[in-house]
1. Non-local amide H neighbours of residue 74 (under 5 Å, H modeled in plane, Pro and chain starts lacking H): which ones?
2. Counting only helical runs of four or more DSSP H residues, what would the 222 nm mean residue ellipticity of the chain come to if each run contributes -39,500 (n - 2.57) and the total is spread over all its residues?
3. Name the residue, out of 178, 151, 69, whose mean-square fluctuation peaks in a Gaussian network model built on the chain with Cα pairs under 10 Å.
4. Output the direction-averaged projected area (hull surface divided by four) of the convex hull of the alpha-carbon atoms of the chain, in nm².
5. Taking the solvent-accessible surface of protein heavy atoms with a 1.4 Å probe, what is the per residue accessible area of the chain in Å²?
6. Mind checking which lysines have their C-alpha under 24 Å from residue 69, skipping anything on the same chain fewer than 8 residues away?
7. Please sort by residue number the GluC sites (Glu not before Pro) in the stretch 1-82 whose DSSP state is loop and whose Cβ has at most 14 other Cβ atoms within 10 Å.
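The values are calculated or read from the model by the stated rules, or taken from the named source; none is laboratory data. Bear in mind that the values here come from a model prediction, so they are computed numbers and not experimental data. Cβ sites come from the backbone with ideal geometry, for glycine too, and all protein chains shown count toward neighbours. Each accessible area value is taken on the protein alone, full model and side chains, heavy atoms only, with ligands, DNA and RNA left out. Shrake-Rupley method; radii C 1.70, N 1.55, O 1.52, S 1.80 Å.
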Amino acid sequence: MAMIRIDKYLADMSVGTRSQIKKLIREKRVTINGETVKKSDMKISKETIVYVDDQEIRYMDYEYYLLNKPAGYISAAEDNFTPTIMELVGSFRHDLFPVGRLDKDTYGAILITNDGQLCHNLLSPDRHVEKKYYFECEPDLPLDAPEILAKPITFKDFVSQPAELQIVDRNKGYLTLKEGKYHQVKRMIAYLGCQVTYLRRDSFAFLNLDNLAVGQYRTLNDEEVEKLKEICGM
Ligand code: URA
């Protein structure tokens, strides 16, 4: 049975920072089976139900979030100089990481989890998980842009798979990719002779931004997690 320190258990479940949790324990606000917890290094099993005041807390091994990333944040677990998207998610867990990357100036849908296997499978090139991007560019797109991107293109480090481009205006469109190479959207649009001036990922697999405002995140529900696992063969 997996054992864990009570302060880590509560920090993982976002009750507070380690020092806030120590304070809760000192104030005798943490109980197990009606008994007050006295030490923050007490070891308990992950199955234990813990109460903070009257609030019941159960341990969850994995967490899954969908964030609408703002520009100005990097998609990394930590960085000493630039704000990371982790700062936008209200979890105290230290084991969370983004599933793939969006550039610092890109907006939109990004998954954050601590489920390494799911992350690995979702990013595997064999899984062909679809991502849909909205972009604006300058100058205007060539009229035959959809036909050009529908064929494989040879870049210096990879050959792109056929991609679907829907033009919505002369300098705006949606590009759907089933792969995720470095700066792929910007490079494919550059291949057309245009420069991306705005980029947003609207969906990752079946997960859409819907009403999620820029900078906001939500927890995935069990059904969504199961569906993600299904599409990547878990
Ligand atoms: N393609 C890009 O060029 N940038 C991103 O952030 C994502 C896809």
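1. Excluding prolines and chain starts, which carry no amide H, the hits are 84, 85.
2. Details: 6 runs with 47 residues, N = 234.
Per the formula, -5500 deg cm²/dmol.
3. 151
4. Details: hull surface 60.6 nm².
Across all orientations, the chain yields a mean hull projection of 15.1 nm².
5. Working: 13030 Å² over 234 residues.
Per-residue accessible area for the chain comes out at 56 Å².
6. Straight-distance partners of residue 69: 104, 131, 132, 172, 178, 181, 186, 227, 229.
7. Details: sites: 27, 35, 47, 56, 63, 78; in loops: 27, 47, 63, 78.
Those that pass, being in a loop and sparsely packed, are 27, 47, 78.
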